[in-house]
Amino acid sequence: MKILWFTWKDLKNPSAGGAEVVNEELCQRLAQDGHEVIILTAGFIDSLGKESVNGYKIIRVGNKWSVYWQAYKYYKKNLKGWADLVIDEMNTIPFFCKFYVKEPNIMFVHQLCRQIWFYQMKFPLSLIGYLLELIYLWLLEDRKVITVSESTKKDLMRFGFKPENINIISEGIELEPIADLNNIKKYDEPAVLSLGSIRSMKRTLHIVKAFELAKKEISELKLKIAGDSNSKYGQKVINYIKKSKFKDSIQYLGKVSQSEKIELMQKSHLICVTSVKEGWGLIVTEANSQGAPAVVYDVDGLRDSVKHKETGLICKKNNPQNLSKNIIFLLKNSAEYDKIRESAWQWSKHINFDLSYRQFSEILKLYE
């Protein structure tokens, strides 16, 4: 097949995240199976307009704001009629391929934005985005959709999408799960990990405050924070840490490399994730694969990537107080910790891109 994939970012984009990892893995496997794949996406500083990556082509037009209009124009002029199937990926905003693409087209949705608008945008833009999402979801409710979690499927159904039109594929992780939990050496003192870009919707400050509360019960407790703090919220978190009475037990590492990320996951005793919303919560599964169980907030995506009291703990209330209680419980109950850690590690072995691609390719066969 010839597949044209509209998406906001590609994996080389500096702001690429988990969704782009999924795209790369799927496109690479599509190419290996003999499909022709073109990704039509946004440009970024010093990016190439066109290049081939792992057997598929990338065409970059516009920037993160103008890509929707520029992609439409590029398609009309250069790619109209080329594809057997068009994928419209919605990462906050869809490309509305339904209204101008004549080829068969489906949507790929990692998550809906919903309340994230109020964390990432200032008023009144936040309200405008929130209301516009209601409108474009209504306009697209007849689409066939591929998504990555039961939470996103339920979200889509709430806005009129038919359950029979929504297919779920497995998530996958880049990391190879460690071979043996017993071969991993943890930090000498219990350590909580916060990993990922420090943005308002990630609520990193909740983790810091939960750590301060837990520190009163576990005096030797440490907090490791890794991620880009180059935002107003990021600086707010850094300034808070500087004033904390436990600042000597908090280590901010900045943005880390892949090898450093793996080392942090292996050495830390648990990871905390407090996002407002996720498509799945890949960082949870990655940490599980390296021997770190998770304590998370009860939100879309995270309640998919964590099985409560089996592979991690899901907070009853999404606040630092409840988060700290779960941190204390897990670190003070070694038998429970070992059981959950083992179960999380075993489950991570089944969340892989080979399975994801098998499920994805089965769906695509409907359009051959």
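The values are calculated or read from the model by the stated rules, or taken from the named source; none is laboratory data. These numbers were taken from a predicted model, which means no experiment stands behind them. We place every Cβ from the backbone using ideal geometry, glycine too, and count neighbours over all the protein chains shown.
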- Message: On the basis of being loosely packed, with under 15 Cβ neighbours inside 10 Å, at pLDDT below 95 and in contact with a Lys or Arg (Cβ under 9 Å, 6 or more places away or on another chain), does N230 make the cut?
- Response: yes
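Which one of V101, V109 is closer than 17 Å to V145 by Cα and either not assigned by TED's automatic domain parsing to the domain that holds L11 or not in a loop (DSSP other than H, G, I, E, B) (or both)? Can you show your working first?
Numbers: V101 fails: either not assigned by TED's automatic domain parsing to the domain that holds L11 or not in a loop (DSSP other than H, G, I, E, B) (or both).
Every option except V109 fails the conditions.
Confirm whether D248 is without any contact (Cβ under 8 Å) to a residue 60 or more places away in the chain and within 18 Å of the chain's Cα centre (by Cα). Step through it out loud before you land on a result.
Values: without any contact (Cβ under 8 Å) to a residue 60 or more places away in the chain: yes; within 18 Å of the chain's Cα centre (by Cα): no.
Criteria not met by D248.
In this structure, is L30 within 24 Å of L175 (Cβ to Cβ), part of a loop (DSSP other than H, G, I, E, B) and in the same structural domain as N78 (by TED's automatic domain parsing)? It would help to see each step written out before you state the result.
On the way: within 24 Å of L175 (Cβ to Cβ): yes; part of a loop (DSSP other than H, G, I, E, B): no; in the same structural domain as N78 (by TED's automatic domain parsing): yes.
In short, no.
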- Query: Going through the stretch 152-167 one residue at a time, which ones are out of contact with any strand residue (DSSP E or B) (no Cβ under 8 Å at 6 or more places or on another chain) and in a helix (DSSP H, G or I)?
  - Reply: K154, R158, P163, E164
- Message: Test of understanding: among F96, F108, F44, which residue is on the phi > 0 side of the Ramachandran plot and at pLDDT 95 or above?
- Response: F96
- Query: Just for the stretch 123-147: of the residues that are part of a helix (DSSP H, G or I) and crowded, with 20+ Cβ neighbours inside 10 Å, which one is modelled with the highest pLDDT?
  - Reply: L137
- Message: Of all residues being surrounded by fewer than 17 Cβ atoms within 10 Å (Cβ to Cβ) and assigned to a loop (DSSP other than H, G, I, E, B) in the stretch 112-122, which is farthest from the chain's Cα centre (by Cα)? Just the residue, please.
- Response: K122
- Has the stretch 293-306 got at least one residue that is in a loop (DSSP other than H, G, I, E, B), within 27 Å of D188 (Cβ to Cβ) and touching a residue at least 40 places away in the same chain (Cβ under 8 Å)? yes
- Item | the stretch 33-76 - residue that is in a loop (DSSP other than H, G, I, E, B) and of a type in the set (A, V, I, L, M, F, W, C) and, of those, farthest from E368 (Cα to Cα) | I45
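Report whether or not S170 is assigned to a helix (DSSP H, G or I), within 27 Å of K339 (Cβ to Cβ), among the hydroxyl-bearing types (S, T, Y) and modelled with pLDDT under 95. Walk me through how you get there before you give the answer.
Working: assigned to a helix (DSSP H, G or I): no; within 27 Å of K339 (Cβ to Cβ): yes; among the hydroxyl-bearing types (S, T, Y): yes; modelled with pLDDT under 95: yes.
Against the criterion (assigned to a helix (DSSP H, G or I), within 27 Å of K339 (Cβ to Cβ), among the hydroxyl-bearing types (S, T, Y) and modelled with pLDDT under 95), S170 does not qualify.
Please go through the stretch 331-368 and pick out each residue that is in contact with a Pro (Cβ under 6 Å, 6 or more places away or on another chain), of a type in the set (D, E, K, R) and part of a helix (DSSP H, G or I).
Filtering the stretch 331-368 for residues in contact with a Pro (Cβ under 6 Å, 6 or more places away or on another chain) gives 331, 340-341, 344, 348-349, 367.
Narrowing the set further to residues that are of a type in the set (D, E, K, R) leaves 341, 349.
Within the stretch 331-368, just R341 meets the criteria.
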- Note on the structure: Listed by first then second residue, the pairs whose first member lies in the stretch 91-117 and is polar (S, T, N, Q), whose partner is buried (at least 20 other Cβ atoms within 10 Å of the Cβ) and part of a helix (DSSP H, G or I), with beta carbons under 7 Å and at least 6 positions apart or on separate chains, are N91/A19; N105/C97; Q111/T152
- Message: Residue pairs, Cβ under 7 Å, 6 or more apart or interchain, first in the stretch 36-51 and within 18 Å of W65 (Cβ to Cβ), second among the acidic types (D, E) and in a loop (DSSP other than H, G, I, E, B). List them.
- Response: T41/D10
- Message: Need the failing condition index for I238 against (1) free of Cβ contacts under 8 Å to residues at least 60 places away in the same chain; (2) in a loop (DSSP other than H, G, I, E, B), just the number.
- Response: (2)
